[in-house]
Amino acid sequence: MTDQIFAGLEIRGLRVAFDGFVAVDGVDLSVPRGDIRFLIGPNGAGKTTIVDAVTGLVRATGSVEFGEQQLLGLDVHKIARLGVGRTFQTATIFEELTVLQNLDIAAGAGRGARTLLRRRKGVPESVARALETIGLTEHIGKPAGVLAHGQKQWLEIGMLLVQDAKLLLLDEPVAGMSADERDATGELLGVIAADRTVVIVEHDMEFLRKYARTVTVLHAGKVLSEGSVADVQADPKVQEVYLGTAADAAVAEASDDPARPADPAHTVNQEA
């Protein structure tokens, strides 16, 4: 089997329907290792549904391969064991436990019951590396619940790293973050992508412009456009789809704050 570290994500003809409503309609998507792929699109475009299909949370047809492994039809836990990890809009961490305990529990996901019962001697190497990568080494003994909002998101990413996830699917990872936290997250994603594949569902256009390597625009369950940030912004199809929504949002924002200049490209709400 191909080493997962060299793997990319290959989606072909992906289709997801709910009671006759087609949420994802024949999507093809290729995300190579090392890419930081942003999925954007208006409400109902199918972004989060694609992530749900890849991780086994919804039934789908077509093909989803990662590391020459077909993911469709597998149980959620089997997909996770193949190196596929995801985060949600709200960090799913154990707030009453320490940062170290959160990472240690995540690291034990692939261990047997006997190994889990053994008392640890020191900090496992994988946990120490994750702590350094996510910048939480100094907070190792703190309860996760007292961390800042951004730090909680980084901890959740660290929990995927200790599980040796090679495909990371992140749902709006910078939602609610300060500007400094967003920049720190962007830098963290750059480090992670060195030997992993990263897919991000996002609506923060400023964050996208700074850190996306490739962008896929979805509309009505289909791929509308794909390429670099500049390519997507210049695509007439994208401009046509978003023109009305962006203009309306810009006018509304300007009316709320007359001193703030309207930026249509920044104000488009592209939630899943």
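Readers should treat all values here as calculations from the given coordinates under stated rules, not as data from a laboratory. This is a predicted model, so every value here is computed, not measured. Reconstructed Cβ throughout: ideal geometry from the backbone, glycine too, with neighbour counts over all protein chains shown.
State, to one decimal in nm, how far the label point of residue 138 lies from the label point of residue 178, with both points 7 Å from Cα in the Cβ direction.
My value for the distance between the label points is 1.3 nm.
Between beta-carbons, use under 10 Å as the cut-off and find the net charge around residue 87, counting Lys and Arg +1, Asp and Glu -1.
Here the count lands on -2.
Considering only the stretch 1-104, what is the antiparallel percent among its DSSP beta bridges, to the nearest 5? Walk me through the numbers before you get to the answer.
On the way: 15 of 15 bridges.
Around 100 percent of the beta bridges assigned by DSSP in the stretch 1-104 are antiparallel ones.
Under a Cβ-Cβ cut-off of 13 Å, what is the net charge of the residues other than residue 73 that fall near it, where Lys and Arg count +1 and Asp and Glu count -1?
Residues close to residue 73 contribute a combined charge of 0.
Take the alpha carbon atoms of the stretch 133-251, find their radius of gyration, then divide it by 2.2 N^0.38 Å using N residues; give the quotient.
Values: Rg = 16.5 Å, N = 119, 2.2 N^0.38 = 13.5 Å.
Output field value: 1.22.
Arrange 92, 216 by Cβ neighbour counts within 10 Å, fewest through most, would you?
Working: 92 10, 216 23.
Neighbour counts put them in this order, fewest first: 92, 216.
Could you compute the net charge surrounding residue 23? Neighbours are other residues with a C-beta less than 14 Å from the C-beta of residue 23; K and R count +1, D and E count -1. Don't skip to the end; give the middle numbers.
Working: positive: 15, 47, 59, 222; negative: 19, 25, 52.
That sum, taken over residues with Cβ under 14 Å, equals +1.
How far, in nm, would the chain grow between residue 89 and residue 123 when pulled straight, counting 0.36 nm per residue and subtracting the alpha carbon separation? Could you put the intermediate results ahead of the total?
Numbers: separation 34, 0.36 × 34 = 12.24 nm, distance 2.88 nm.
Net length gain for the segment: 9.4 nm.
Label residue 30 and residue 70 with points 7 Å out from Cα along Cα→Cβ: what is the distance between them in nm?
2.0 nm
Per 0.36 nm of contour for each residue apart, how much would the distance between residue 187 and residue 22 grow if the chain were fully extended, relative to their Cα-Cα spacing? It would help to have the intermediate numbers written out before the result.
Values: separation 165, 0.36 × 165 = 59.40 nm, distance 3.61 nm.
Length gained, residue 187 through residue 22: 55.8 nm.
Provide the packing ranking of 176-184, 197-205, 51-59, i.e. peptides ordered by the mean count of other C-beta atoms within 10 Å per residue, highest first.
Details: 176-184: 14.7, 197-205: 23.8, 51-59: 19.3.
Highest mean packing first, the order is 197-205, 51-59, 176-184.
Rank-order 11-18, 157-164 by packing density, defined as the average count of other C-beta atoms within 10 Å over each peptide's residues, highest first. Before the final figure, lay out the partial values.
Values: 11-18: 16.6, 157-164: 22.9.
Sorting 11-18, 157-164 by mean packing, highest first, produces 157-164, 11-18.
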